[in-house]
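Novice: Before anything else, here's the structure in question.
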Amino acid sequence: MDFLVFIKQVPDTDEVKVDEESGTIIREGVPSILNPFDEYALNLALRLKEGMEDEVNITAMSMGPPQAKDALKKCLAIGADRGILLSDKVFGGADTWATSFTLFKGVEKMGGADLYFSGQEATDGNTAQVGPELASHLNLSSMTYVEDVLDINPKEGYLTAKKETDEGFIKLKSELPVVLSCMTPPDFEPKIPGVKEIMKAKNKPLDTWNHDDLGGTEEEYGLEGSESQVISTYPPPSKGPGEKFEGPAEEGAEKIFALLKDEGVCDD
Amino acid sequence: MADTDLARDDEFELTEEQKLLKESLLDWGERELPLTRVIEMNQEGHPYPEDIIKSLANLGVIMGPVPEEHGGSGLSWEDQAIIADQIGYIDPSIATAAGLMAVETGWGYTLNRYGNETIQEKFVKPAINGDQFVGIATTEPGGGSDVAGFESTAERDGDDWILNGEKTFISGTEEAQKMGGAFWVNVRTGPAPEDAPHKNMTSFCVPVDADGMNFQEPYRDAGRMAISTGGFIMEDVRIPDRFRLGEVDKGFYYTMEGFDNARILIGASSVGVTRRVLEEAADYIKERETFGNPLAKYEGIQFEFSDLYTRMKALRLMYQQVARMQEKRYQEAGKGERKREPKTYSSTDVARWISMIKWKAPHLAKEAADKAMHWLGAAGYADDYVFETAWKGVMSYCVGAEGGANIQKIVIGRETLGPEYVPYK
Ligand SMILES: Cc1cc2nc3c(=O)[nH]c(=O)nc-3n(C[C@H](O)[C@H](O)[C@H](O)COP(=O)(O)OP(=O)(O)OC[C@H]3O[C@@H](n4cnc5c(N)ncnc54)[C@H](O)[C@@H]3O)c2cc1C
Ligand SMILES: Cc1cc2nc3c(=O)[nH]c(=O)nc-3n(C[C@H](O)[C@H](O)[C@H](O)COP(=O)(O)OP(=O)(O)OC[C@H]3O[C@@H](n4cnc5c(N)ncnc54)[C@H](O)[C@@H]3O)c2cc1C
């Protein structure tokens, strides 16, 4: 079986700062990491692989600039068997639609897979669109907020997943292949690759495919292939310091209640 | 981890794999050995927790340069030095960096090179896997610096050897007794010739549980408390000839090579300790205000920081160079076993560089910790910051562990000016 995990390299959000004058994100000197949701998706894929009778090959695929290779190398060290980077100037400036289209073309060239994993969202773009869009391109079902896969049965061609909702969890069944957008559970401890895994990763295949490899016209990709355009980027207005009430909880509650009443948020 | 990052600009020199190694270790450190645990372990004292030994071994960082066919990871010495740096950063008390990684790797790798099948299977491999401990026992009550001046003996008895004597200030005695394993022990196999006392020394692997091995109460050290320092008396310890390392009467040369390897890693670890100390201190001096300004604005403090930081960067480049030199020597000579004479660098070329880093790096770490305590005032004196723990830990490498500072200066002088200028002859 072939598992395909879509991974994105993102700036380490703990370190992101916004240029106060221009309002743009300062990327210089900000270290890049593997999108944490994607790290979970890959760990989930690995865990499933370990429990399967069939031989499973895990490919990690990313669209990004050449340095996104670092994130793919990390995936190889964690345990992916193969890495594919889709990289070309033509792919630049893509919105989520053009991103998912490019990834879809990569999947086509690869010859498809039996199960697809993406993160629930990327910690920089945060749209949570690319996973479901890929499902749409591939004409497959999409399952979002997947915290776990409870059962996978390739012979009968289905899997059951645990999906998080506002109310709790639901159990969902889908036929294979399906695109899972994976949600990191709170107790998740990522696998730390050891020396041997890191050295082994050196010899695993890591290919770069460009526009020529994927085919299609330039207009389908990147900025030109994007339905949406970014007009400006700005940091959210900073919240005021707020008001602090000190003292016993009951007194505090009364004060807050009075305040909310004054503001017309609630009445007696 | 500290908010200040003094390693970011190191990256351009590193390979992809080295970057991943550093990242893995940092993740491991955050999970298994945060500073709070380091300080706690230092206060609780030895023996070193086995779960951490095991998880460190699972990462593959103990004896990384041992070839894969012998159970190691086939790392280069530069890779291992980078690991040492990062482990020193994670554990500035230096118990992990020193007692576990550097001692076992520096000496264990040398055991791997000269040891026979039995030594590989019984002692080297189990230590790589974290199931046993392997340590070094050269120092004797008569002194440590004068490596050739030992009095312990071994006498041949058929297929066996009978060992007698005493070893002192040996790292990991409590851990070894708990986990099992062996010490590399140097003994005399013939009287010391007056003009060449380093001759007639032979090295053996002595299992901790051999009859006649009497371990002493461990010392109450000033620092590095999470790993023990102890001693043992050998009373007619009978061991088979298979436990002999390399050739009879050649022990001195293997020992010097073991020191070289351990010293590279001690140097690199001490750079890591310095980095952690300076980062933690930088976080503090940027925040703490006196007379309306953060401490970091005052030249009295800032200039000291700049000085330490600059010297740390210089030593980082230096350990990288030393490690590359040693790697080249090993590649030319054959890694798993000695096959040829290395061409590019002689052993004395490398020894000189190694002594430079072994001398300077621990002293810099100690100085950084000392300065940091001054910068923090009373807070720096309290043991909930790491400075006092680091200061006491790296001090072990200034006073003697893996060779005292003056001995390093003698090596540098001897290998540069010539053997006729050795001060003690
Ligand atoms: C309106 C709009 C316009 C944009 N315009 C530009 C632009 O002009 N220039 C520009 O550089 N960026 C632009 N972006 C950002 C870029 O489109 C997104 O970063 C990218 O499409 C992924 O979206 P996301 O980060 O929200 O990912 P999400 O949809 O939140 O990611 C979900 C999952 O999809 C997968 N995934 C996402 N991106 C990738 C990828 N690149 N490779 C592999 N897997 C992936 C991962 O598994 C991820 O966890 C724009 C974004 C938006 C919303
Ligand atoms: C924490 C710790 C762990 C240790 N672990 C081990 C271990 O695992 N195995 C082991 O075998 N040993 C170990 N040692 C011992 C270490 O190897 C010795 O401390 C070292 O070799 C110095 O020997 P010494 O302490 O006997 O000092 P001495 O040899 O008595 O020297 C005392 C001082 O004089 C200086 N000195 C000596 N000769 C000269 C000279 N000719 N000119 C100028 N100065 C000189 C030395 O630099 C030193 O500062 C450890 C030591 C410590 C502190």
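Novice: Spelling out what I want: for every residue of region A:79-92, take phi, set θ = phi - 60°, compute 6.51 cos²θ - 1.76 cosθ + 1.60 (Karplus), and round to whole Hz; glycine and proline get x.
Specialist: For region A:79-92, the Karplus-derived couplings read x, 4, 8, 8, x, 10, 10, 9, 9, 6, 4, 4, 7, x Hz, x marking Gly and Pro.
Novice: Find how many whole Å separate the alpha carbon centroid of region B:274-305 from the alpha carbon centroid of region B:385-425.
Specialist: Measuring centre to centre over Cα atoms gives 30 Å.
Novice: Let me ask another. Which of rounded, prolate or oblate describes region B:134-251 when judged by the alpha-carbon gyration tensor and an a/c cut-off of 1.5?
Specialist: Oblate is the answer for region B:134-251, as a/c is 1.5 or above yet b/c matches or exceeds a/b.
Novice: Given the options B:R316, B:R329, B:R276, which has the most mean-square fluctuation in a GNM of chain B, springs set between C-alpha atoms less than 10 angstrom apart?
Specialist: Judging by the Gaussian network model, the answer is B:R329.
Novice: Bin width 10 Å, origin at 0, all Cα-Cα pairs of region B:178-227: what percent of pairs per bin?
Specialist: Per 10 Å bin, starting at zero, the Cα-Cα P(r) for region B:178-227 comes out as 19, 33, 31, 17, 1 percent.
Novice: Here is a follow-up. Are any of the pairs A:K73/A:K109; B:K199/B:K425; B:K339/B:K360; B:K22/B:K335 more than 28 Å apart by Cα-Cα distance, and if so, which?
Specialist: Checking Cα-Cα distances, B:K339/B:K360 exceed 28 Å.
Novice: While we're looking at this one, here's another question. Using Cα-Cα distances under 8 Å and only pairs 6 or more residues apart, what relative contact order does chain B have, in percent?
Specialist: 19
Novice: Does any residue of region B:4-24 lose at least 20 Å² of accessible area with all protein chains in place compared with its chain alone, and if so which ones (probe 1.4 Å)?
Specialist: Those residues are B:R8, B:E16, B:E17, B:L20, B:L21, B:E23, B:S24.
Novice: Kindly write out, for region B:77-94 in residue order, the coupling ³J(HN,Hα) from the Karplus curve 6.51 cos²θ - 1.76 cosθ + 1.60 (θ = phi - 60°), rounded to whole Hz, with x marking Gly and Pro.
Specialist: 5, 5, 4, 5, 5, 5, 4, 4, 4, 5, 6, x, 5, 5, 10, x, 6, 6
Novice: Oh, and also: Could you list which residues have their amide H under 5 Å from that of B:G172, counting only those 5 or more apart in sequence or on another chain, with H placed in the peptide plane?
Specialist: Amide H to amide H, under 5 Å and 5 or more residues apart or across chains, B:G172 pairs with B:S228, B:T229, B:G230.
Novice: Now, a different point. Spelling out what I want: for every residue of region B:178-185, take phi, set θ = phi - 60°, compute 6.51 cos²θ - 1.76 cosθ + 1.60 (Karplus), and round to whole Hz; glycine and proline get x.
Specialist: So the Karplus estimates, Gly and Pro as x, are 6, 8, x, x, 8, 10, 6, 10 Hz.
Novice: Cut-off under 12 Å on the C-alpha distance; same-chain residues fewer than 8 positions from A:K171 excluded. Which aspartates and glutamates are left, in chain and number order?
Specialist: Once the sequence-local aspartates and glutamates are set aside, what remains near A:K171 is A:E147, A:D148, A:D151.
Novice: Here is a follow-up. What residue among A:E50, A:E246, A:E220 has the largest mean-square fluctuation in a Gaussian network model of chain A, using Cα springs under 10 Å?
Specialist: It is A:E246.
Novice: Another question about this same structure. Tell me the net charge near A:A161. Cut-off is 9 Å between Cβ atoms, A:A161 excluded, with +1 for each Lys or Arg and -1 for each Asp or Glu. Kindly include the intermediate steps, with their values, before the conclusion.
Specialist: Working: positive: A:K162, A:K163, A:K171, A:K173; negative: A:E147, A:D148, A:D151.
Net charge around A:A161: +1.
Novice: While we're looking at this one, here's another question. In a GNM of chain B with a 10 Å cut-off on Cα contacts, which of B:Q177, B:Q302, B:Q320 has the highest mean-square fluctuation?
Specialist: Fluctuation is largest for B:Q302.
Novice: Indicate the gyration tensor shape class of region B:8-132 (rounded, prolate or oblate), computed on the Cα atoms with a ≥ b ≥ c the square roots of the eigenvalues: a/c under 1.5 is rounded; otherwise a/b larger than b/c is prolate and the rest oblate. Before the final figure, lay out the partial values.
Specialist: On the way: a/c = 2.17, a/b = 1.18, b/c = 1.83.
Oblate shape, in that a/c is at least 1.5 and b/c is the bigger or equal ratio.
Novice: For A:T13 and A:Q67, FRET efficiency with R0 = 25 Å and r from the beta-carbon atoms, rounded to 0.05?
Specialist: 0.90
Novice: Grab the DSSP H runs of chain A that are 4 residues or longer, score each as -39,500 (n - 2.57), total them, divide by all residues and round the 222 nm result to the nearest 500 deg cm²/dmol. Display every interim value, and only then the final one.
Specialist: Numbers: 7 runs with 74 residues, N = 268.
-8500 deg cm²/dmol, from helical runs alone.
Novice: Only helices at least 24 Å long along their axis, Cα-based, and averaging 1.6 or more on Kyte-Doolittle count here, so list those DSSP H runs from chain A.
Specialist: Both cut-offs are met by no helix.
Novice: Hey, with R₀ at 22 Å, roughly what FRET efficiency would A:I26 and A:L223 work out to, going by the Cβ-Cβ distance, to 0.05?
Specialist: 0.50
Novice: For n ≥ 4 DSSP H runs only, could you compute -39500 (n - 2.57) per run for chain B, divide by its residues and tell me the 222 nm figure to the nearest 500?
Specialist: Dividing the helical sum by the residues of chain B leaves -16000 deg cm²/dmol.
Novice: Something else about it: Could you pull out every residue, at least 5 positions away or on a different chain, whose amide H is within less than 5 Å of the one on A:G125? Hs are placed 1.01 Å off N in the peptide plane, and Pro or chain starts have none.
Specialist: Counting only residues 5 or more places away or on other chains, the set is empty.
Novice: Then there's this: Given a Förster distance of 41 Å, report the FRET efficiency between B:R324 and A:A249 from their Cβ-Cβ distance, rounded to the nearest 0.05.
Specialist: Numbers: r = 63 Å, r/R0 = 1.53.
Working from the Cβ atoms, E equals 0.05.
Novice: If you don't mind, there's one more thing I want to ask. Can you give me the long-range amide H partners of A:Y145? Hydrogens built in the peptide plane at 1.01 Å from N, cutoff under 5 Å, separation of 5 or more residues or another chain.
Specialist: A:S181
Novice: Another question about this same structure. Rounded, prolate or oblate: which fits the protein assembly as shown when a ≥ b ≥ c are the square roots of the eigenvalues of the alpha-carbon gyration tensor, with rounded for a/c under 1.5 and prolate only if a/b beats b/c?
Specialist: prolate
Novice: Given contacts defined as C-alpha pairs under 8 Å and at least six residues apart, what's the relative contact order of region B:136-289, whole-number percent? Please report the intermediate quantities before stating the final value.
Specialist: Working: 272 pairs, mean separation 37.8, N = 154.
About 25 percent, as a whole number.
Novice: Please report, in whole Å, how far the alpha carbons of region A:1-81 spread along each principal axis, starting with the longest.
Specialist: 57, 21, 16
Novice: I've got another one for you. In whole angstrom, note down how far apart the Cα centers of region B:183-235 and region A:230-254 are.
Specialist: Taking the Cα centre of region A:230-254 as reference, the centre of region B:183-235 is 65 Å away.
Novice: Enter the angle in degrees (range 0 to 90, nearest 10) between the Cα long axis of helix B:35-44 and the first principal axis of the Cα atoms of chain B, meaning the one along which they spread out most.
Specialist: Once rounded, the angle reads 50 degrees.
Novice: Which residues in region B:51-77 have a backbone N closer than 18 Å to a point placed 7 Å from the Cα of B:R31 along the Cα-to-Cβ line?
Specialist: B:51-62
Novice: Please compute the modelled spin-label separation between B:E247 and B:Y424, points set 7 Å along Cα→Cβ, answer in nm with one decimal.
Specialist: 2.5
Novice: Using a 10 Å cut-off around each Cβ of peptide A:196-209, what is the average number of partner chain Cβ atoms that fall inside?
Specialist: Across A:196-209, the average partner-chain Cβ count within 10 Å equals 3.
The values are calculated or read from the model by the stated rules, or taken from the named source; none is laboratory data. From a predicted model like this one, the values you see are computed outputs, not experimental measurements. Glycine gets a Cβ as well: all are built from the backbone with ideal geometry, and neighbour counts include every protein chain shown. Accessible surface is based on the protein model in full, side chains and every heavy atom, while ligands, DNA and RNA are left aside. Shrake-Rupley method; radii C 1.70, N 1.55, O 1.52, S 1.80 Å.
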